[in-house]
Each structure stands twice: as structure tokens, then as C-alpha cells.
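The values are calculated or read from the model by the stated rules, or taken from the named source; none is laboratory data. Just so it is clear, the structure is predicted and the values come from calculations on it, not from any experiment. Heads up, the Cβs are rebuilt from the backbone with ideal geometry, glycines too, and the neighbour counts pull from every protein chain shown.
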Amino acid sequence: MHRPPNKFSPPGGFRRADHQIPYLLCDSREKKSLQCLRICKEYSSEVLLQLDPFLNELTSMFEKSKEKGSVWVTLKRSSLKSKLQKRKLSSAGESIEYRCLIRATDAKKTISTSVGAKDHQRFQASYATILKAHMTALKKRERKDRKKSTEAEKKQGTSTTTKPKKL
Amino acid sequence: MVYIVSWDEFVDRSVQLFKADPESTRYVVKYRHCDGKLVLKVTDNKECLKFKTDQAQEARKMEKLNNIFFTLMARGPDVDLSEVNGKEQMETQSVKKGSGRKQ
């Protein structure tokens, strides 16, 4: 049966292979997931690094995003294995080793690393240091100063705030 | 997706969420230096808990939460959280802002 050619049909008409392509993908789940992975990689290439280079890159990301932009850090538990590998391991009776996957992005590039049970404490310390050093734009609230300023207001008898503050 | 106001509630619910589904729960931190804003999100792709702040003291609390999640994710959801430094002290003692633990 011939379908009339329109602007959406491929030039030269439909070939049998074109119809088969979706079926080839559905043929094996592994092929499909590999295809998806390849497509994802084309759009956003995520670089998997070792712990220390990851920390260095993270630092530079924070520094670059000082004037404008955001830094996202995602933590997720993962075994870094595909569903097929997991199924094979569980059927063989082996335990799947899980790691903590850490991703960082500044919307331009994405870096990632994975941390196991042995090195997570060392990583945690270095990571905390980096955050402390860079998250400096947040407001620092000193309660003692607030107390003094509200007490001084009470003494003067002029209160700009309508809500009375309980201390 | 509602922003949770209480920090402790956010921590408790996010740990609960993770323990219920460790495979799909993720913890995201977004920091904008230009706006001075920090947003935390914990989601299992069904439920989403968010917390936003611009206070430096919340950032210090976030570090403790980071430690909790690192331990949970690297070692497993069944790990005893009292091993995490500072978590046990936080739970047993009442948290007083501005005063040290040793008096």
C-alpha cells in the first residue's frame, strides 16, 4: 500500500528498513538502554572523575559561579551497574556493592564521582571544607545584636515594629 | 512541592523518605552566590521535600545533613545514625543557639 508522500515522509519514499528500526530497538532491552545512554551522552556529557580531581573541579565551579549562576550538587545511592548486571549478580547470589554517587553541575558542564563506604568520611571532610569556604554569601544573623537592639528600642519607647518580640 | 519551614522536620522526613526507598531517593543542593540563596531538595520521584534559606547558620546545619546522607548512601540505609558525628549529641541534648556543648 502506497501512502501519498507528504513533507513528513522521507524523500524517496518509505523503505522497509525504516519501519523495522523501532522493532530492532525493542528487540532487546539492553540495546534500548544503550541507545538511550548514547542519546543522553550526546546532550550532556558527564565526566566521571576520581575523588580529588572532582573536588578540584567543584572548587573551580564555585569560583566561576560567584558573579552569576548556580551550582547544583546531587547525592544519590547507586551501584553504578545496569539493570541487567544487577539481575545477573542477584541471580548468582552475589551481593551488589552500593556507592554514593555525587554529581555537580553549573549548567554548563557536569562532573561526577562515586564514593564507597571506606572513603566517604575523608571525602565528607574535604567536601565540607569546600562548601564552608564558598558559601559565604549567606546572611549571618547574630542574636546578641538583635537582643541589644530590641532592648534599646524598648527603653527609648519608640518601636518601629508592630509585633512585640518575646525574648 | 512545598517548602518545609522547620529544619528538624525536613531532616526527619527526608531520612524517612530515603529509608523507605534508597534506590530512587536523591538529595540535591543548589547554591546561588549572586542571590545568597541555598535550596535543598530530597525526592524519590514521587514525593518532594524542599527547604530554602539565606542564613549562614542553616548552611552549618546542612553540613550535618550532608554527613548523614553520605553515611546512609555509602554504607546503606540500615546504618546506625548515631555513629554520625554530632547527630547523637543533637538528639540527646536540647539545641541551644549560641552556647557551646561544654559549659
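Residues in the range A:127-160 that are under 21 Å from B:E63 (Cβ atoms) and assigned to a loop (DSSP other than H, G, I, E, B) were compared, and the one that is modelled with the lowest pLDDT is A:E142. Taken together, A:K68, A:K108 contain a single residue that is closer than 25 Å to B:K30 by Cα, assigned to a loop (DSSP other than H, G, I, E, B), at pLDDT 90 or above and not aromatic (F, W, Y), which is A:K108. The residues of the range A:100-121 that are more than 11 Å from chain B (Cβ to nearest Cβ) and among the hydroxyl-bearing types (S, T, Y), listed by number, are A:T110, A:S112, A:T113.
Pairs are defined by a Cβ separation below 9 Å, a sequence spacing of at least 6 or placement on different chains, a first member in the range B:8-21 that is touching a residue at least 60 places away in the same chain (Cβ under 8 Å), and a second member that is in a helix (DSSP H, G or I); the pairs so defined are B:V15/B:L65; B:V15/B:I68; B:V15/B:F69; B:V15/B:L72; B:V15/B:L81. Scanning the range B:24-53 for residues that are closer than 27 Å to A:K66 by Cβ, more than 7 Å from chain A (Cβ to nearest Cβ), free of Cβ contacts under 8 Å to residues at least 40 places away in the same chain and surrounded by fewer than 21 Cβ atoms within 10 Å (Cβ to Cβ) yields a total of 5.
When you scan the range A:45-60, do you find a residue that is facing chain B (nearest Cβ under 9 Å), touching a residue at least 60 places away in the same chain (Cβ under 8 Å) and either in contact with a helix residue (DSSP H, G or I) (Cβ under 7 Å, 6 or more places away or on another chain) or part of a helix (DSSP H, G or I) (or both), even just one?
No - not one qualifying residue is present in the range A:45-60.
For the criterion of being closer than 22 Å to A:H120 by Cβ, of a type in the set (S, T, N, Q) and buried (at least 21 other Cβ atoms within 10 Å of the Cβ), B:T71 passes. Taking the criterion of being more than 14 Å from every other protein chain (Cβ to nearest Cβ) and surrounded by 14 or more Cβ atoms within 10 Å (Cβ to Cβ), the only residue of the range A:85-98 that qualifies is A:L89. Looking at the structure I just gave you, is A:A133 within 20 Å of the chain's Cα centre (by Cα) and of a type outside the set (S, T, N, Q)? Against the criterion (within 20 Å of the chain's Cα centre (by Cα) and of a type outside the set (S, T, N, Q)), A:A133 does not qualify. Within the range B:54-64, can one find any residue that is facing chain A (nearest Cβ under 8 Å) and within 19 Å of A:S114 (Cα to Cα)? Yes, because at least one residue in the range B:54-64 is facing chain A (nearest Cβ under 8 Å) and within 19 Å of A:S114 (Cα to Cα). Looking only at the range A:61-84, which residues are within 18 Å of B:M62 (Cβ to Cβ) and more than 7 Å from chain B (Cβ to nearest Cβ)? Scanning the range A:61-84 gives A:M61, A:F62. Taking the stated definitions as given, is A:Q124 among the polar types (S, T, N, Q), within 11 Å of chain B (Cβ to nearest Cβ), in a helix (DSSP H, G or I) and free of Cβ contacts under 8 Å to residues at least 60 places away in the same chain? So A:Q124 passes the test.
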